[in-house]
Each structure stands twice: as C-alpha cells, then as structure tokens.
Amino acid sequence: MVSVVHSLATHRDPDRSLQALGEGLSPAEVERLAEAVDFARSVYEDRTLGSGEEVWAHALGVALIVCGLKLDADSRIAALLFAVPALHENGLSRIERDFGASVARLVDGVSRLNRMRPITRGFVAVSAESSDKNSGEMKAQVEVLRKMLLAIVEDIRVVLLRLASRTQTLRHFAAEPDELRVPVARETLALYSPLANRLGVWELKWELEDLSFRFLHPETYKEIARHLDEKRTEREQFITEASALLRQELAAAGVANAEITGRAKHIYSIWNKMRRKDVAFSEVYDVRALRVIVDEVRDCYTALGVVHHIWSPIPREFDDYISNPKGNDYRSLHTAVHCPDGRALEVQIRTREMHSHAELGVAAHWRYKEGGAATAEDRYDEKIAWLRQLLSWRDEVSDSSDWVRHYKQAAFDETVYVLTPQGRVIDLPRGATPVDFAYRVHTDIGHRCRGAKVDGALVPLNTPLATGQRVEIILAKHGGPSRDWLNSSLGYLFTHRARLKVRHWFASLALEETLAEGRALVQRELQRLGQTGFNLDELAARLGLARSDDLFVAVARANINLRQLQAAIRGGEPPADEREADEVLVRRQRESSVAEKGILIVGVDRLLTQLAGCCKPAPPDPIVGFVTRGKGVSVHRARCRNFANMRAMHPERVIETSWGGGSEGVFAVDIVIDAHDRQGLLRDVSDVLARERINVIAVNTQSRQGNADMRFTAEVGSIPQLERTLGLLHDVPGVVTARRR
C-alpha cells in the first residue's frame, strides 16, 4: 500500500512534518522545502478555507499526501504554497522569485482549477437532482467536465495536486462534519475519483470513494462496516491459517519467495458490487481475500495451480488480467475459491512489478531521481508522454464507449473547453471562434449572433477561444448571419458544422425569394385568366409536380413557361407548333442554365454553354471551354482526356473559362465503386447517398466472381460534398475503393 502520512496526526508537530516531507529528497531540496514551510505559515496564519479548515493545516496535509505519492520537491513545495496567490499581494511573482518558475507554474495551475470549483460543484448538484429524461445529457456533461479538468492544465502534476487537496478536504470533514460535505462528496464521486482511477492513483481513488460514500450514504456505510467488523476476528484468524497453508504448498511447488498478505476490500467497492450484481453482503466473494506476490510471471500460474489444488474454484470467478490486461494496464490473476467452511475466498496473484503498478500507480513513474545520462527535462517529457497516453484509457467510468469514440477524434491538445454563462461546458476544436460556439449551443443563437464577451470583455467575433473561458453571445432580436462569415480569409468560422448552417440559411433565403417570385407570377396569370380560386396543388399535379411550392420554383426558374402554365389552367393542350416551340425554348433554357451556375466565358457575354458529359465538371474543378459547332461552348474539366484530344486537333477553339461567384446548384458527377460483392451492399451504398442528400439519376451495377462494379451518376452541390460522400462510401463494409470517374 502507498504510505500516505495522515495530516491530522502530524500538522501540529513541525519537526515530524518536515522530516516526513523531506523523505527521499536531497539536502538542498529539504532546505528549499523548509523555506517554503516558513513562508507558507507566515502567509496562512489564522486563515481558514470555505470548508472551515485552517489553510495551513490543509496545505500541510496536501503536501504530506503528495510526499506519500513520491512526487518531486517542486510538487511538495507547490502543495504548501497553493493559496499564496489568493492571500498574498504579488504572491505568484514572489513564488517564482524565491522557489523557481516550475513551482510557480504548478501553483498557478492549481489556482486555475480552484476557480472552476463553483462551476463543477454547481453542475454536479444539478446533475444529481435532474430527471431521468435529462440524466443522459447530464452524465455526458459531467464527462466533458472531467476532460476539461485535464485539458485546462499544462502539467499533469497539477491534477495530482488537486486530487490530493480533495482527499485532504474529505479527511477534514471526516474529523469535523459540516453540511458542505454532501455536495463535496457528490462532486468527488462524479469527477475526482474517476480521474484518480484514470491516472492510476489507486490509494487516493479508494479513499476518495470510501469517504464520499460515508458522507452520502451513512447508514449503508455503517451497515457494511458492521458486517466487516463482525467478521474481523474470524477473518484475521482465517487469513493467518490460510496464508501459512498456502506458503507451505507454494514452497513445495518451488515458489519459495512468495509474499502472502490479507487484503481488505474497501467499502464503496463492496457496495458497488452488491448493487451491480444485485446480491447480499454474504454473496460478495472477495470480502476475505489473499494477495500473493511472486518474482516471475510463470510463478503466477504455478501459484494459481496450487490455489486451485488446495481449495475448490468457483465457476466463472476466474479472470486472467496478465494475458488480457485492463485498459489502464492493470495486470493480475483473480480467482475465487470455496474454503472448507463453505465460504468464499478471493485470491489475487501478481508479480512485484505488477503490484508496484497496481498500488503506486502513477507515483512509481513520478519518483524523483538524480543523476543518470538523461536530463531531467528528457525524463519529464517521457513521463508526460506516458501519462497523456494513460489519460485516454478508461476503467469504471460512465459512458465509456462514447468517451472512446469522442476521445479518438480529439486529443486534449486539439480540443478547447469553454463555458456558457450558465456553466455548461462546450467542447470545440482548437481554433474555434465565438460564432462557432454560438452555433454549437443552438442554430438560432448562431444566426442571431452579433457580438461576444469572453470572460466579461467584448472581443471580435473571429477571436480564437481557449480552454476555461466563459463565453457570452450578444444576440439580435431578428436577422440572420453575415455573408462575411463565409469568407475564410476573415476567420469568423472554423468548424465545418457552423459553416454548413450558415450556407443552409442563405440557401433557404434564396429559396424563399424564388418561391415568392414564382408565386407572384402564377397568381398574376391566374388573375389575368379570371381563375383566382384555382386549386394550386391541382395545377401543380397537371404539370407533373408534387406540390404548389415545386410549381412556384419551376415557374420562377423558367422550367415551366407561361404557355404551359396557361394550358394547364385551361385544362387543355397548346397547339402542336406551340408545343414544339416550347420544347425548343425549354431545352435552350436548360442548356443556358449553366450560366446561372456561374460559368464565366472570358471576353464573351451570355454565350450558350453546356457541361460536358464525358467528364462532368463541378465546382471547384479547374475548367476550360471548347467552342463547338452550333452548341455554344462545351465546358470540360482541365484534365479531361477528350478535351486534350480536341485541343490537340483544334487549339484555336479553346477558350478560357472559370466558375463565377454564383456557382451554386447541382452538378452531375460519375461515382465508381469497386467492392467485394455481398448481400445488402447496394442497399448500404444507397443509404449513404440518401443520408448525404445525393440525388442519383443513373445506376449501373455488375457482379463477377464475387466482385461488384458499381457506377452511379449523381447530382452534387460541390466537390467537397462529393469528397465527404466518397469517404463515407469507402467505410461501407466490403467497399475497396470509391472514387469519382
């Protein structure tokens, strides 16, 4: 077990405290520590914390816990000086001057975490009282708070100092009860004990859990403790006898250096197992437990055979965490057996190296050492790299699958965590702006965003946000986004999600304008013909359209001309010569509609253009034009093979072409998919296209010898949309390649 000295027994004995704090340090470091003790006591004299604990008692208690974790001298000094910035003028600069920049950074990090306490405690309190309907959202927010606690600091030792501080606070409440201990305990179980588990600081994790459980469920805690006390004498006698028997059998099997001890399961863990398995205390098999520590891995399995030879194993109660370690790299053999008295016994078997990791956790990797070939900075970088990998692992934390999915997408250094005025945590990619924040909170807030305050100060809307900032959006009563937000050079929008919402708003606005124009044309024609009461949906159906809005759009875009509209209103057909003229007109309008998509022919105004069917260009493809005979300009992709051949034969017909500013609409492209044929493949591919709102206008699929060749002609709005869709198609099971032809 980690030897964490209890502060309440030592803080009134300065000599004993200083001796304990200096354990494992050099004489020079012990001298620095003594200076920090004197300085802290002079600053903290007669000061108390919000919990009612004396500041000096708390600081000393935290420092002793940090010492027990074998952290370095800077960490111990930072623990002693944690409250100096709040209680001493220019305290942080004084710390940097007298104790070094490293200590100052640690103290500043602790201060930043302390400023988050009202936010975290308040949100966890709301989470505890929330309805089942909102419990999923609340759990997700608590998980984001955990990530924010880790992301807000640059040095992971700051988090260890915070865990030590919380442990000391709970110890104080255990000695001097206070009404504040209930919300503190609730916050601890929601945020800090999972963090201790994630970091592998098992000793603090167990103490945080047991003390918090004691404050939140005192009667249940006492009942479990009473059961343990009733069995203590019997358990101690059994452990003594079982240890002697097992040691004798191990020696006979050639495992001579085995260390055997009895292990007490902590109360919160017992309660969790009773609740998880819905069993009584008597059915918790590991209340009586032995731990066997051996030299080699092979000795672990030898010892396991000996245990199963002495006692009968309980079915389905064996776990091999050596062959299959837990996500936090915990390794051990766990088995439960029936003893001659009929009761259960749990036996854990591990090597000394495994035991060191299980008991000391992160402390074994933070032990301060001098000398060696590598510099302190090199060793520190290795520790940070190891810990950052460790932080991505989870064990016994809620919503683990969701955590893994999100955590793989964004590591801490690629994500910022900012706060709403109500204390809700919003995670955004690094580089996000207040406008991105507004759209993340709600689409309507993004549309009406006109200004932003960060930590109470007005800032430009293109200001990048940082972790820990509180962001308030200034809203207009009405209105929408600015077109400037879509200008990437201005930096208003960083996230793709926010950019899509702005584009959708302007697309909807353009559609409304088109609908209004078409509606006015239709109503004017109905009025001219004296048919103002005509059913518009029926009129749309006569023209082969599903609803009246489609009719308005078609009329506004001249896809349906006035002669066709008049004929539909009258219920008859136009004369044959008029129909032929209409078809020619419609065909020319459709051909010339390319101009509406923004194709500019350099030096020529309103020249008939058409998109080449061989390469099907779409913005922002580089394009070139080729003057045809009688069909205007054919627009090709710059790399089109057909165009290359035509240019070689008739270079004089090549004309410079580009996409204009209004290049919006849909464009036909060819998608080619090579895949291993299977049942349901076409359905899965079609589902992706449907989700991405890709309209498929032609399909050709063939299957030969287990391979599928699938070709789609689809309408897309832009190449980025196509590339995103191709990426999703490539992830469909069985698909080998998905590309544009």
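Kindly indicate whether residue 674 is touching a Pro at 6+ places or on another chain (Cβ under 8 Å), among the charged types (D, E, K, R) and at pLDDT 85 or above. Steps first, please.
Details: touching a Pro at 6+ places or on another chain (Cβ under 8 Å): no; among the charged types (D, E, K, R): yes; at pLDDT 85 or above: yes.
When the stated conditions are applied, residue 674 does not pass them.
On the given criteria, is residue 679 in contact with a strand residue (DSSP E or B) (Cβ under 7 Å, 6 or more places away or on another chain) and either surrounded by fewer than 18 Cβ atoms within 10 Å (Cβ to Cβ) or in a loop (DSSP other than H, G, I, E, B) (or both)?
Details: in contact with a strand residue (DSSP E or B) (Cβ under 7 Å, 6 or more places away or on another chain): no; either surrounded by fewer than 18 Cβ atoms within 10 Å (Cβ to Cβ) or in a loop (DSSP other than H, G, I, E, B) (or both): yes.
When the stated conditions are applied, residue 679 does not pass them.
One residue stands out among those in the stretch 313-343 that are part of a loop (DSSP other than H, G, I, E, B) and in contact with a Ser or Thr (Cβ under 6 Å, 6 or more places away or on another chain): the one that is nearest to residue 298 (Cα to Cα), which is 321.
The set of residues in the stretch 161-183 that are free of Cβ contacts under 8 Å to residues at least 60 places away in the same chain, farther than 10 Å from residue 212 by Cα and under 35 Å from the mean Cα position of the chain (by Cα) comprises 162, 163, 166, 179.
Results for (1) over 19 Å from residue 273 (Cβ atoms); (2) of a type in the set (A, V, I, L, M, F, W, C), shown as yes or no for each residue.
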site: 304; (1), (2): yes, yes
site: 307; (1), (2): yes, yes
site: 311; (1), (2): yes, yes
site: 318; (1), (2): no, yes
site: 325; (1), (2): yes, no
site: 340; (1), (2): yes, no
site: 345; (1), (2): no, yes
site: 348; (1), (2): no, no
site: 351; (1), (2): yes, no
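The set of residues in the stretch 421-473 being touching a residue at least 24 places away in the same chain (Cβ under 8 Å), of a type in the set (Asp, Glu) and either over 17 Å from residue 503 (Cα atoms) or in a loop (DSSP other than H, G, I, E, B) (or both) consists of 427, 472. Restricted to the stretch 129-246, the set of helices (runs of 4 or more DSSP H) holding at least 1 residues that are at pLDDT 85 or above comprises 157-175, 181-187, 202-216, 218-230.
One line per residue, one yes/no per condition, for (1) under 37 Å from the mean Cα position of the chain (by Cα); (2) in a strand (DSSP E or B); (3) in the same structural domain as residue 706 (by TED's automatic domain parsing):
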site	(1), (2), (3)
636	no, yes, no
642	no, no, no
652	no, no, no
655	no, yes, no
671	yes, yes, yes
675	yes, yes, yes
684	yes, no, yes
688	yes, no, yes
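Yes/no matrix, rows are residues, columns are (1) modelled with pLDDT of 90 or more; (2) crowded, with 24+ Cβ neighbours inside 10 Å; (3) not in a loop (DSSP other than H, G, I, E, B):
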residue	(1), (2), (3)
52	no, no, no
61	yes, yes, yes
86	no, no, yes
89	no, no, no
102	no, no, yes
109	no, no, yes
112	no, no, yes
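If the condition is being of a type in the set (A, V, I, L, M) and under 42 Å from the mean Cα position of the chain (by Cα), then the stretch 239-269 contributes 264, 267. When restricted to residues that are closer than 20 Å to residue 620 by Cβ, part of a loop (DSSP other than H, G, I, E, B) and in contact (Cβ under 8 Å) with a residue 24 or more places away in the chain, the stretch 691-728 contains 4.
Can we say residue 539 is at pLDDT 85 or above, farther than 30 Å from residue 448 by Cβ and either surrounded by 12 or more Cβ atoms within 10 Å (Cβ to Cβ) or not assigned by TED's automatic domain parsing to the domain that holds residue 721 (or both)? Step through it out loud before you land on a result.
Values: at pLDDT 85 or above: yes; farther than 30 Å from residue 448 by Cβ: yes; either surrounded by 12 or more Cβ atoms within 10 Å (Cβ to Cβ) or not assigned by TED's automatic domain parsing to the domain that holds residue 721 (or both): yes.
Taking the combined requirement at face value, the residue satisfies it.
Considering the conditions (1) touching a strand residue (DSSP E or B) at 6+ places or on another chain (Cβ under 7 Å); (2) free of Cβ contacts under 8 Å to residues at least 40 places away in the same chain; (3) loosely packed, with under 15 Cβ neighbours inside 10 Å; (4) closer than 20 Å to residue 418 by Cβ, residue 476 is excluded by exactly one of them, (4). With the condition kept exactly as written, say whether any residue in the stretch 320-329 is in contact (Cβ under 8 Å) with a residue 60 or more places away in the chain and buried (at least 17 other Cβ atoms within 10 Å of the Cβ). Looking through the stretch 320-329, at least one residue is in contact (Cβ under 8 Å) with a residue 60 or more places away in the chain and buried (at least 17 other Cβ atoms within 10 Å of the Cβ). For a quick check of your reading of the model, give me the residue pairs whose first member lies in the stretch 22-50 and is in the same structural domain as residue 75 (by TED's automatic domain parsing) and assigned to a loop (DSSP other than H, G, I, E, B), whose second is modelled with pLDDT under 90 and hydroxyl-bearing (Ser, Thr, Tyr), with beta-carbon atoms closer than 8 Å and at least 6 apart or on different chains. Going by the 8 Å Cβ cut-off, the qualifying pairs are 24/368; 25/368.
Check 458, 428 and return the single one that is surrounded by 16 or more Cβ atoms within 10 Å (Cβ to Cβ) and of a type outside the set (Gly, Ala, Ser). So that I can check it myself, show each step before the final result.
Details: 458 fails: surrounded by 16 or more Cβ atoms within 10 Å (Cβ to Cβ).
That would be 428, the only listed residue that is surrounded by 16 or more Cβ atoms within 10 Å (Cβ to Cβ) and of a type outside the set (Gly, Ala, Ser).
The values are calculated or read from the model by the stated rules, or taken from the named source; none is laboratory data. Given the structure is predicted, the values throughout are model-derived calculations rather than measurements. Reconstructed Cβ throughout: ideal geometry from the backbone, glycine too, with neighbour counts over all protein chains shown.
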